[in-house]
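The values are calculated or read from the model by the stated rules, or taken from the named source; none is laboratory data. None of these values were measured; they are calculated from a predicted model. Every residue, glycine among them, receives a Cβ derived from its backbone with ideal geometry; neighbour counts consider all protein chains shown. Ligands, DNA and RNA are excluded from the accessible area calculation, which covers all protein heavy atoms including side chains. Shrake-Rupley method; radii C 1.70, N 1.55, O 1.52, S 1.80 Å.
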Amino acid sequence: MCLGIPAKVVRINDQTATVEVSGVMKEIGLHLVDDIVLGDYVIVHAGYAINKINEEEARETLQLLRRLGDEVYR
């Protein structure tokens, strides 16, 4: 199964960006999305931003993923 994870854009350099998820930084490609600015939230899949989402949706999704992880590792 493949999963797209919400991440916050903290640095942009041309067609790449650094994103943060739960304190982890990752370099991703921005080739598939337009109009990304610092502070935006994107869905990251296979090293690329594939969609821009709003902050509320990103936080809700991350919270659900954390709860799911807690259930799996009990």
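Compute the acute angle (0 to 90°) between the alpha-carbon long axis of helix 55-72 and the principal axis of greatest extent of the alpha-carbon atoms of the chain; round to the nearest 10°. Helix 55-72 sits roughly 40 degrees off the main axis of the chain. By DSSP, the beta bridges lying fully in the chain are antiparallel in about 95 percent of cases. The phi torsions of the stretch 3-10, fed into the Karplus equation with coefficients 6.51, -1.76 and 1.60 and a -60° offset, translate into couplings of 9, x, 10, x, 8, 8, 7, 10 Hz, rounded to whole numbers, with Gly and Pro shown as x. When the helices of the chain are scored as -39500 (n - 2.57) per DSSP H run of n ≥ 4 and the total is divided over every residue, the value at 222 nm lands at -8000 deg cm²/dmol. Projecting label points 7 angstrom from Cα along Cα→Cβ for GLU20 and ASN51 puts them 2.5 nm apart.
In the chain, the ratio of gyration radius to Kirkwood radius, Rg to Rh, stands at 0.99 when only Cα atoms are counted. The share of accessible area on the chain that comes from carbon and sulfur is 51 percent, using a 1.4 angstrom probe. Solvent-accessible area per residue in the chain equals 72 Å², computed with a 1.4 angstrom probe and all protein chains kept.
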